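For reference, the structure discussed in these notes is given below.
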Amino acid sequence: MNGAQALIRTLVDAGVDTAFTNPGTSEMHFVAALDDVPEMRGILCLFEGVATGAADGYGRMAGKPAATLLHLGPGLGNGLANLHNARRAHTPLVNIVGDHATYHKQYDAPLESDIDSIASAVSGWMRRSTRPEDVAADAADAVAAAMGPPGQVATLMLPADVCWLPASGPASSAPHRTRTQVGDDAVGSLADVLRSGEPAALLLGDSAMLEPGLRAAGRVAAACGAKLLAETFPPRQERGAGLPAPERLGYLAEFAQAQLAGVRHLVLVDARAPVSFFAYPDKASYLVPDGVEVYTLASKDDDAVAALEALAEALGAPAESPTQAAFRPDRPTGALNAETLAAALGALLPEGAIVADEGNTSGLFCSMMTAGCPRHDWLTLTGGSIGIGMPLATGAAVACPDRKVVNLEADGSAMYTLQALWTQVREGLDVTTILLNNRSYAVLNMELNRVGANPGPAALGMLDLTRPDLDFCSLAAGMGVQASRATTAEELTAQLERALAEPGPSLVEAMLPPTL
């Protein structure tokens with residue numbers, strides 16, 4: 001058994017049985033070992049950003065890591081943006097980066113680079129295997145590090161000779177840290193604050209956005225009259241009819257401040273105090289209003305669900321809390337725009353669907369229009385680095401092959417990682433992409449004004465996606481995806497209904513007016 005075989009066997013024994021790969025020469029023994037360990041599913045991605053984004057989507061839905069396989073520093077660099085999103089999502093992910101053989105590094109070959117420095121920007125844990133007899137144990141430690149709360153990117157740097165030299169065999173799985181329990185005294189003190197009758201809000205994030213946390217948070221809010229809020233971009237939210245429905249903070253700083261207006265006590269539950277995405281002249285960066293007391297019920301390492309349940313009991317909360325009523329919008333007619341697009345999605349979203357949302361401006365109304373749909377999951381752009389939507393949908397579909405995945409994808413973002421469509425076809429993944437084509441980086445037109453810039457024709461040309469127009473139907477067809485184009489609300493509804501009814505990858509291009 002060589003080092004690569006020992007590594008992959010260790011990963012599989014630890015529950016990591018999927019690898020999203022874009023390999024090169026240094027990783028060929030890892031690739032060859034896939035035949036020796038057939039329990040590991042290797043999935044080829046045509047760009048490293050697809051591999052890393054797919055591993056993010058897989059980890060969010062599976063609750064365990066996938067592995068990536070990237071080629072040296074440049075391959076890691078190509079995957080960095082979606083590793084950034086995974087870091088912000090606290091996704092468990094084992095990031096394997098091939099490197100030159102240990103004895104070859106001294107010669108400064110053309111692809112030699114400082115992998116450690118590149119990886120450190122996105123990794124919560126890093127290690128370089130230097131001996132084949134250590135690689136299996138290093139892999140076990142990487143899985144344990146990735147799984148430790150709240151989840152993180154664990155990067156293992158893998159020299160080529162460590163893979164091809166003989167190894168002693170796989171290593172046993174390593175235990176990972178578990179979440180810390182919040183003490184009774186802290187829960188009791190916070191219960192006293194909430195009993196005061198002063199206006200309060202719970203701000204939920206990460207683990208609190210799944211059903212157990214939502215139900216416990218709903219009970220707390222019902223007991224003390226607190227407002228139920230959520231972070232702007234939670235990694236994964238279970239939502240739909242029958243679940244408590246927290247109000248997500250707005251992306252724009254002014255909207256978030258308005259949502260927090262009048263609050264006296266803000267309780268963070270696996271969430272951070274809100275800040276503006278960017279700095280703007282004469283606008284706040286820290287969005288908590290003056291005079292608001294901020295408390296942390298559960299940090300990222302804590303068991304947020306247990307803490308919420310304990311707080312609910314301390315407040316004498318009812319056994320049940322208000323939940324989202326069931327509703328669907330009518331099938332839309334007339335012009336195709338952001339509102340009618342959202343209505344079409346709300347009218348048709350299947351039960352159990354997973355929505356990977358990179359809709360940006362044109363998807364503005366989709367969350368609202370689907371709130372009362374049958375139960376589903378919603379995945380968001382946690383780190384703000386665009387190009388996540390298509391890979392995220394790909395990874396989610398691999399993790400949950402029995403569920404329909406719907407990808408709300410903006411046109412500009414789509415061009416970053418369009419290669420994900422090829423992987424969806426190759427793997428037979430059940431993903432329907434709704435391509436929101438408004439022929440513009442529309443959000444940046446808004447940002448030009450918000451930052452106080454004075455754009456002229458040259459500046460506006462940098463945000464325009466015409467000359468030539470992008471033809472996503474042709475691009476999708478070139479990768480084997482069934483695609484159609486909608487120009488009216490009726491066309492979109494009919495085409496989306498047909499796409500959702502058929503298994504496998506499909507794309508509906510929605511031709512929209514500029515949103516802003």
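Only residues that are out of contact with any strand residue (DSSP E or B) (no Cβ under 7 Å at 6 or more places or on another chain) and under 14 Å from Ser506 (Cβ atoms): list them for the range 407-420, please. Of everything in the range 407-420, just one residue is out of contact with any strand residue (DSSP E or B) (no Cβ under 7 Å at 6 or more places or on another chain) and under 14 Å from Ser506 (Cβ atoms), namely Ala420. For the range 412-426, a residue qualifies if it is surrounded by fewer than 18 Cβ atoms within 10 Å (Cβ to Cβ) and either assigned to a helix (DSSP H, G or I) or under 16 Å from the mean Cα position of the chain (by Cα) (or both), and the qualifying residues are Val425, Arg426. Taking each residue of the range 91-119 that is crowded, with 21+ Cβ neighbours inside 10 Å and looking for partners that are of a type in the set (Ser, Thr, Tyr) and not in a strand (DSSP E or B) with beta-carbon atoms closer than 7 Å, six or more apart or interchain, yields Asn95/Ser123; Gly98/Ser26; Asp99/Ser26; His100/Ser26. For the range 268-291, a residue qualifies if it is surrounded by 13 or more Cβ atoms within 10 Å (Cβ to Cβ) and assigned to a strand (DSSP E or B), and the qualifying residues are Leu268, Val269, Val275. Does Leu436 meet the test of being in a strand (DSSP E or B) and crowded, with 20+ Cβ neighbours inside 10 Å? For Leu436, the condition - in a strand (DSSP E or B) and crowded, with 20+ Cβ neighbours inside 10 Å - is met. For the range 439-449, a residue qualifies if it is under 30 Å from Asp282 (Cβ atoms) and outside any strand (DSSP E or B), and the qualifying residues are Tyr441, Ala442, Val443, Leu444, Asn445, Met446, Glu447, Leu448, Asn449. Considering the range 357-397, and only residues there that are out of contact with any strand residue (DSSP E or B) (no Cβ under 6 Å at 6 or more places or on another chain) and polar (S, T, N, Q), the residue that is nearest to Thr52 (Cα to Cα) turns out to be Thr394. Those strands (runs of 3 or more DSSP E) of the range 1-103 that lie entirely within it include none in which at least 2 residues are over 30 Å from Gln237 (Cβ atoms), out of contact with any Ser or Thr (no Cβ under 9 Å at 6 or more places or on another chain) and in the same structural domain as Val143 (by TED's automatic domain parsing). Note on the range 34-62: residues that are within 19 Å of Gly383 (Cα to Cα) and of a type outside the set (Phe, Trp, Tyr) amount to 13.
Scanning the range 450-495 for residues that are of a type in the set (Asp, Glu) and either touching a Phe, Trp or Tyr at 6+ places or on another chain (Cβ under 7 Å) or not in a strand (DSSP E or B) (or both), we see that the one that is surrounded by the fewest Cβ atoms within 10 Å (Cβ to Cβ) is Asp469.
Residues of the range 32-71 that are more than 26 Å from Pro150 (Cβ to Cβ) and in contact with a Gly (Cβ under 6 Å, 6 or more places away or on another chain): Leu34, His71. Residues of the range 496-516 that are under 18 Å from Ala420 (Cβ atoms), out of contact with any Phe, Trp or Tyr (no Cβ under 7 Å at 6 or more places or on another chain) and of a type in the set (A, V, I, L, M): Ala499, Val508. Of all residues in the range 163-179, those that are over 25 Å from Pro149 (Cβ atoms) have Cβ atoms under 6 Å from Cβ atoms of residues that are part of a loop (DSSP other than H, G, I, E, B), 6 or more apart or on another chain, in Ala167/Met1; Gly169/Met1.
Determine whether Val398 is assigned to a helix (DSSP H, G or I), modelled with pLDDT of 95 or more and surrounded by fewer than 23 Cβ atoms within 10 Å (Cβ to Cβ). No.
The values are calculated or read from the model by the stated rules, or taken from the named source; none is laboratory data. If you're wondering where the values come from, they're calculated on a predicted model, not measured in any experiment. Ideal geometry is used to build each Cβ from the backbone, glycine not excepted, and the neighbour counts take in all protein chains shown.
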